[in-house]
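Enquirer: Before we start, here is the structure in question, set down as structure tokens.
The values are calculated or read from the model by the stated rules, or taken from the named source; none is laboratory data. All values derive from a computational prediction rather than experimental measurement. Virtual Cβ from ideal backbone geometry, glycine too; neighbours counted across all protein chains shown. Side chains included, ligands, DNA and RNA excluded: accessible areas come from the protein's heavy atoms. Shrake-Rupley method; radii C 1.70, N 1.55, O 1.52, S 1.80 Å.
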Amino acid sequence: MDLEFTASEHAFREEARAWLAAHVPARPLPSLETAEGFAAHREWERVLYDGGWSVVSWPRAYGGRDATLTEWLIFEEEYYAAQAPGRVSQNGINLLAPTLFAHGDEEQLARVLPPMASGETIWAQAWSEPEAGSDLASLRSRAERTERHGGGWLLSGQKTWSSRAAFADRAFGLFRTDREQERHRGLSYLMFPLDAEGVTVRPIGRLDGKPAFAELFLDQVFVPDADVIGEVGQGWRAAMSTAGNERGVTLRSPGRFTASADRLIHLWRSRQEPADSRDRVADAWIRARAYQLAGYAAASADPAGSASGSGSRPGGSGTSVASADSSPGAGGTASPFASSMNKVFWSELDIDLHETALDLLGPGTSEVTEGLPESAWMDGWIFALAGPVYAGTNEIQRDIVAERVLGLPRGR
Amino acid sequence: MRFLPDEDHRTYAATVRRLLADAEPAKAARAWAAGDQGPGRELWRALADTGLPALAVPEERGGMGWYPSELAAAFVEIGRAAAPGPLVETVALAAALGADPRGGDTAGPWLPRILTGDLLVTVTDPAGPYAVDGYLADAAFVTEGPALHMAVPEGGPLPSIDPTRHLVRCEPATPVESGEPVPGDAARLRSLATLLTAAQALGAGRALLDGSVEYAGRRTQFGRQIGSFQAVKHQLATVAIALEFAEPLLHGAALAVRAQPGGPGPAEGSAGGPGDATDPRDLPAAKAACSRAAHQAARTALQVHGALGYTDEYDLTLHLRKARALHDAWGTPAACHQAVLAGGRFPAVQGEAASGE
């Protein structure tokens with residue numbers, strides 16, 4: 001057992017660090033949840049892409065650099081340590097792309113991935129509906145068969161809490177293609193443009209008023225057969241492979257939290273190390289480190305995680321990215337539901353870490369949402385608050401851990 | 001990087017686990033609690049036969065080398081079994097006696113017989129005056145800064161909430177009684193004791209979770225298994241998550257202890273170079289996280305078991321009570337948090353200069 005990066009992994013880290021030092025904007029970009037900030041973040045995605053850093057784990061053919069899972073973890077550590085901008089493309093890169101790698105065809109990969117990598121196309125997710133939140137399988141939005149325009153589907157219904165949809169270009173989600181079937185049967189995974197005829201986007205302000213998500217009203221929106229991912233009627237299976245990514249290391253990488261914890265320690269020191277915050281500051285660092293080490297363990301267990309591994313690349317086939325979240329933790333709990341444990345762990349850490357920072361900032365300063373250097377902590381706290389809710393609430397995740405990992409009886 | 005237990009490591013942990021499971025450790029614990037050392041001593045001899053203390057002692061002193069990761073894995077199993085006796089203290093003393101930084105003859109009268117399993121020895125926690133099993137053990141030591149001394153037990157043993165721990169107040173012996181300090185590496189003793197206490201806590205936590213899950217699947221109320229109630233499920237899931245994320249810290253801590261100055265250092269070809277991600281902060285981090293997870297497991301086990309979990313004679317409460325004792329032993333949460341923020345260095349304790357280590 002060791003914690004030793006190879007010479008090439010170390011060189012990869014140095015290269016990433018040097019590139020980020022030279023390219024990360026000196027001043028923070030405006031919030032990506034505003035029109036101006038969204039545009040600025042889209043430009044940043046292009047800069048990342050031109051440098052070859054926007055999708056490091058993807059195959060070169062689609063704009064990546066064939067990085068291993070370990071290298072991806074390294075890149076994320078460096079990215080957040082450099083205080084680089086938030087990733088406006090994360091829905092596409094972290095949720096849709098792995099699904100495409102696992103279930104898409106060659107034509108879809110070649111058409112969808114490069115513009116996703118460059119920021120030319122920014123994706124929103126369209127999972128939830130007014131009556132289908134945690135209980136996603138109860139969704140009602142439907143896709144009806146049409147033979148017009150060479151054959152395809154007409155989407156109708158309502159999606160909501162659709163992250164990034166206020167300014168994004170396209171969206172992906174689940175629709176009922178077989179009305180005879182119930183629950184998770186008869187659903188299909190589809191991609192559609194947000195500027196298409198029949199789509200109405202109504203932005204929704206989050207807690208600070210910024211339109212971080214939107215409602216989507218769909219009225220006979222045409223989707224060609226080419227934009228169905230996987231088999232018609234098998235959308236649930238494809239979506240669940242995405243859910244694992246949404247909950248696990250690939251959405252909220254350990255590097256985010258180790259960088260935030262280091263900044264929290266820095267903040268604590270800058271405030272003369274108040275003793276009454278010491279336990280909370282240390283605890284945040286400990287938990288971030290635990291998540292980081294769990295990530296290294298997952299990468300070690302993955303055949304593609306080490307440079308010498310002969311397995312498939314993360315993102316290369318999709319399966320190894322998924323396995324990053326389902327492989328045994330260092331604890332050796334071989335469980336495909338490890339991503340549920342990850343999700344509870346990082347989402348609760350994120351809130352505790354930011355609340356500790358806000359308490360260190362003190363009255364007034366802690367409540368300012370923008371305009372001060374310190375308001376990054378409030379922005380981070382607002383972002384963190386959504387963590388226990390999205391991607392399956394933490395209550396659902398605890399149910400999954402209890403039933404699937406611990407083997408407790410089903411039932412509420 | 002291969003941040004996962006090796007094959008040998010897993011095999012050894014499985015051997016220890018099987019040995020303990022077959023040895024009726026709860027009976028040994030009950031006997032030890034009542035002052036009958038027989039079964040506990042026998043268990044320790046069997047563990048020593050697997051080479052357990054030898055994993056903390058260099059070959060030139062009769063051991064097998066310096067293997068903190070394997071030791072931690074073994075102590076997870078010892079915690080899972082709630083095996084009695086000053087096992088952490090004995091192995092940590094073996095490490096200290098086998099590694100005198102001044103190069104003296106450290107074998108002394110104790111080390112060879114610790115390695116054979118004939119002796120159990122104990123030492124005070126540097127943050128408190130008590131030694132576990134100060135009378136039952138064959139020798140007691142105290143640390144003072146970097147020095148190790150023989151101890152003079154005072155007064156009768158005090159009962160612990162963990163009935164297998166008999167606490168005895170100890171002071172360093174005067175030079176007239178014991179002469180010079182005992183040659184040995186007190187810093188190594190402390191770091192290994194902290195690591196193995198964390199491991200033991202994690203193992204106790206695992207046993208508490210497993211026992212609680214099993215009970216929740218068996219016990220019915222209102223015509224249902226209580227484990228089907230969400231309120232019960234969520235508490236157990238929370239414990240499972242806490243234990244799951246404490247474990248990688250324990251593994252990281254073992255690597256940090258392996259790499260500490262005075263030791264043989266990191267594995268060959270990885271001499272703390274630019275790609276080395278071991279971090280001395282992982283040791284206090286692991287102790288804090290394992291203690292906390294075990295404590296959560298204990299509180300939850302009590303709640304899930306109801307009155308049964310509040311009962312002396314129910315064996316799982318051996319673990320439940322041990323989790324409380326280990327929570328503060330060899331590094332309180334506060335001391336661990338201070339150490340994390342001080343780059344891994346534990347706060348100075350009495351008799352030790354701030355820069356003592």
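Enquirer: Could you please tell me which pairs satisfy a Cβ distance under 6 Å, a separation of 6+ or placement on different chains, a first residue in the stretch B:44-61 that is touching a residue at least 60 places away in the same chain (Cβ under 8 Å), and a second residue that is of a type in the set (Asp, Glu) and open to solvent by less than 10 Å² (accessible area, probe 1.4 Å)?
Expert: Hits for this filter: zero, empty list.
Enquirer: Inside the stretch B:2-60, can you point out the residues that are over 25 Å from B:Arg165 (Cβ atoms), within 14 Å of chain A (Cβ to nearest Cβ) and open to solvent by 30 Å² or more (accessible area, probe 1.4 Å)?
Expert: Those that are over 25 Å from B:Arg165 (Cβ atoms), within 14 Å of chain A (Cβ to nearest Cβ) and open to solvent by 30 Å² or more (accessible area, probe 1.4 Å): B:Arg2, B:Asp6, B:Glu7, B:Asp8, B:Arg10, B:Thr11, B:Tyr12, B:Ala14.
Enquirer: Let me ask something else about it. For B:Val168, all conditions in the list (1) in contact with a Ser or Thr (Cβ under 6 Å, 6 or more places away or on another chain); (2) away from chain A (no Cβ under 14 Å); (3) modelled with pLDDT of 95 or more hold save one; what is the number of the exception?
Expert: The number of the failed condition is (1).
Enquirer: A further question follows. Exactly one of (1) open to solvent by 10 Å² or more (accessible area, probe 1.4 Å); (2) in the same structural domain as A:His41 (by TED's automatic domain parsing); (3) in contact (Cβ under 8 Å) with a residue 12 or more places away in the chain is unmet by A:Arg142. Its number?
Expert: (2)
Enquirer: I'd like the residue in the stretch B:208-249 that is at the interface with chain A (Cβ under 8 Å from one of its Cβ atoms) and closer than 24 Å to B:Arg281 by Cβ and, out of all such residues, is surrounded by the most Cβ atoms within 10 Å (Cβ to Cβ).
Expert: B:Leu249
Enquirer: Related question: Which one of these does A:Gly173 not meet: (1) part of a loop (DSSP other than H, G, I, E, B); (2) open to solvent by less than 10 Å² (accessible area, probe 1.4 Å)?
Expert: Just one mismatch for A:Gly173, condition (1).
Enquirer: Turning to a different aspect of this structure: Is it the case that A:Ala102 is open to solvent by 20 Å² or more (accessible area, probe 1.4 Å), assigned to a helix (DSSP H, G or I) and not assigned by TED's automatic domain parsing to the domain that holds A:Ala171?
Expert: Spelling it out, A:Ala102 is indeed open to solvent by 20 Å² or more (accessible area, probe 1.4 Å), assigned to a helix (DSSP H, G or I) and not assigned by TED's automatic domain parsing to the domain that holds A:Ala171.
Enquirer: Can you tell me which of B:Ala242, B:Ala237, B:Ala231 is in a helix (DSSP H, G or I) and touching a residue at least 12 places away in the same chain (Cβ under 8 Å)?
Expert: B:Ala242
Enquirer: Can you tell me which residue within the stretch B:336-349, out of those that are over 19 Å from A:Asp276 (Cα atoms) and in contact with a helix residue (DSSP H, G or I) (Cβ under 9 Å, 6 or more places away or on another chain), is nearest to the other protein chains (Cβ to nearest Cβ)?
Expert: Restricting to residues being over 19 Å from A:Asp276 (Cα atoms) and in contact with a helix residue (DSSP H, G or I) (Cβ under 9 Å, 6 or more places away or on another chain), the top hit is B:Gly344.
Enquirer: Six or more apart or on different chains, Cβ under 9 Å: which pairs go from a residue in the stretch A:371-386 that's charged (D, E, K, R) to one that's buried (at least 18 other Cβ atoms within 10 Å of the Cβ) and in a loop (DSSP other than H, G, I, E, B)? Could you list them?
Expert: If the second residue must be buried (at least 18 other Cβ atoms within 10 Å of the Cβ) and in a loop (DSSP other than H, G, I, E, B), the pairs left are A:Asp379/A:Ser31.
Enquirer: Now, a different point. When the stretch B:289-335 is examined, which residues are found to be open to solvent by less than 10 Å² (accessible area, probe 1.4 Å) and within 12 Å of chain A (Cβ to nearest Cβ)?
Expert: B:Cys290, B:Ser291, B:Ala293
Enquirer: Next question. Within the stretch A:261-289, track down each residue that is surrounded by fewer than 22 Cβ atoms within 10 Å (Cβ to Cβ), among the aliphatic types (A, V, I, L, M) and more than 8 Å from chain B (Cβ to nearest Cβ).
Expert: Result: A:Leu267, A:Ala275.
Enquirer: Turning to a different aspect of this structure: Sort out which residues of the stretch A:41-88 are under 13 Å from A:Met116 (Cβ atoms) and crowded, with 18+ Cβ neighbours inside 10 Å, and write them in order of number.
Expert: Selection gives A:Arg42, A:Glu45, A:Leu48, A:Tyr49, A:Ser54, A:Val55, A:Trp58, A:Tyr62, A:Gly63, A:Gly64, A:Arg87, A:Val88.
Enquirer: Within the stretch A:29-38, is there a residue that is among the polar types (S, T, N, Q), out of contact with any Phe, Trp or Tyr (no Cβ under 8 Å at 6 or more places or on another chain), open to solvent by 20 Å² or more (accessible area, probe 1.4 Å) and not in a helix (DSSP H, G or I)?
Expert: Looking through the stretch A:29-38, at least one residue is among the polar types (S, T, N, Q), out of contact with any Phe, Trp or Tyr (no Cβ under 8 Å at 6 or more places or on another chain), open to solvent by 20 Å² or more (accessible area, probe 1.4 Å) and not in a helix (DSSP H, G or I).
Enquirer: Also: Kindly indicate which of A:Gly311, A:Gly305, A:Gly332 is at pLDDT 50 or above, out of contact with any Cys (no Cβ under 9 Å at 6 or more places or on another chain) and either assigned by TED's automatic domain parsing to the domain that holds A:Asp105 or assigned to a loop (DSSP other than H, G, I, E, B) (or both).
Expert: Being at pLDDT 50 or above, out of contact with any Cys (no Cβ under 9 Å at 6 or more places or on another chain) and either assigned by TED's automatic domain parsing to the domain that holds A:Asp105 or assigned to a loop (DSSP other than H, G, I, E, B) (or both) holds for just one of A:Gly311, A:Gly305, A:Gly332, which is A:Gly305.
Enquirer: In the list A:Pro388, A:Pro409, A:Pro373, which residue meets the criterion of being within 14 Å of chain B (Cβ to nearest Cβ), under 23 Å from A:Gly86 (Cβ atoms) and part of a loop (DSSP other than H, G, I, E, B)?
Expert: Being within 14 Å of chain B (Cβ to nearest Cβ), under 23 Å from A:Gly86 (Cβ atoms) and part of a loop (DSSP other than H, G, I, E, B) holds for just one of A:Pro388, A:Pro409, A:Pro373, which is A:Pro388.
Enquirer: Within the stretch A:4-18, restricting attention to residues that are of a type in the set (Gly, Ala, Ser) and open to solvent by 40 Å² or more (accessible area, probe 1.4 Å), which residue is nearest to the other protein chains (Cβ to nearest Cβ)?
Expert: Here the residue is A:Ala7.
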